[in-house]
Amino acid sequence: MDAAEEEPQELDAVSVRNAKETLLRLLARAGVYSGDAEELIGLVEAGALALAHQEITGGAGRSAPAGKDARYEAGWRDGTRAAAGQLGVLAARSLRHAVTTDPSAASPGVRPPVRKMQVERAQVAVLPLYLSFTTVSDLDPEVSEQVLAAVLGTMDNQQRAGYAGRLADFAGANRARLERLYAEYGPGSTIAIHGRYSLIHSPTSIAVLERLAAAPAALRREWDTAELPPAWLEGLTTAWGAPL
């Protein structure tokens, strides 16, 4: 078959389900709990729809082909708006479906337990951000998972699903302040690696700082519940509040 003569290819529903089931089986062999695997796939699906929605509403595809009259262009814009709106609805529905285990949807104020996969996602998010400000130090706290669990405990499942983006926004909006903090207190500084500023030597510090800025009271409650060293949180608070 001549590839130039082929029609645009789209996956049918059966093939999509086949690919998803194959991925679930491969993840199961790797020891990934089926619920976590389903959630990860669901988040990717919801994200693909959300990114398509953003691309269309941002201008891509909104202009009619050149040479068309005004009525054609008006119809094209109306159709684009309608398609973009439906994509937005589908993206929101997919995200809700991916986090349906969240009991807080039915019980406001009640946050679901933090799962290992959510901590893994947070670890993947914080490391490259941390390395954009400093280098890996000799300190790798054994309680890093507990720190991230405390951070995630301040959020519901839907907020946890989008936490990587929130962290990136936080780092971008506070770049100068973070650069100063890690230069003065982090790896390579004159501050001792152990003590109240220890957590600044850990990638988890990015996550803690974001919560200190966004939800300090909730973070302190989760911190106390997890019985994490109070000095670590106070050290970060002091360093974050220091004048530029």
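The values are calculated or read from the model by the stated rules, or taken from the named source; none is laboratory data. On a predicted model such as this, the values are computed, not experimentally measured, just so you know. With ideal geometry, Cβ positions are generated from the backbone for all residues, glycine too; neighbour counts draw on all protein chains shown. Remember, those area values only see protein heavy atoms, side chains included, never the ligands or the DNA or RNA. Shrake-Rupley method; radii C 1.70, N 1.55, O 1.52, S 1.80 Å.
What the table shows:
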{"item": "Answer from E222, E184, E234 - the residue that is acidic (D, E), touching a helix residue (DSSP H, G or I) at 6+ places or on another chain (Cβ under 7 Å) and either at pLDDT 90 or above or in a helix (DSSP H, G or I) (or both)", "result": "E222"}
{"item": "Qualifying residue in region 139-151 (condition: in contact with an Asp or Glu (Cβ under 9 Å, 6 or more places away or on another chain), open to solvent by 10 Å² or more (accessible area, probe 1.4 Å), in a loop (DSSP other than H, G, I, E, B) and over 24 Å from L43 (Cα atoms))", "result": "no"}
{"item": "Unique match (being open to solvent by 10 Å² or more (accessible area, probe 1.4 Å) and closer than 26 Å to P112 by Cα) among G162, G195, G188, G172", "result": "G162"}
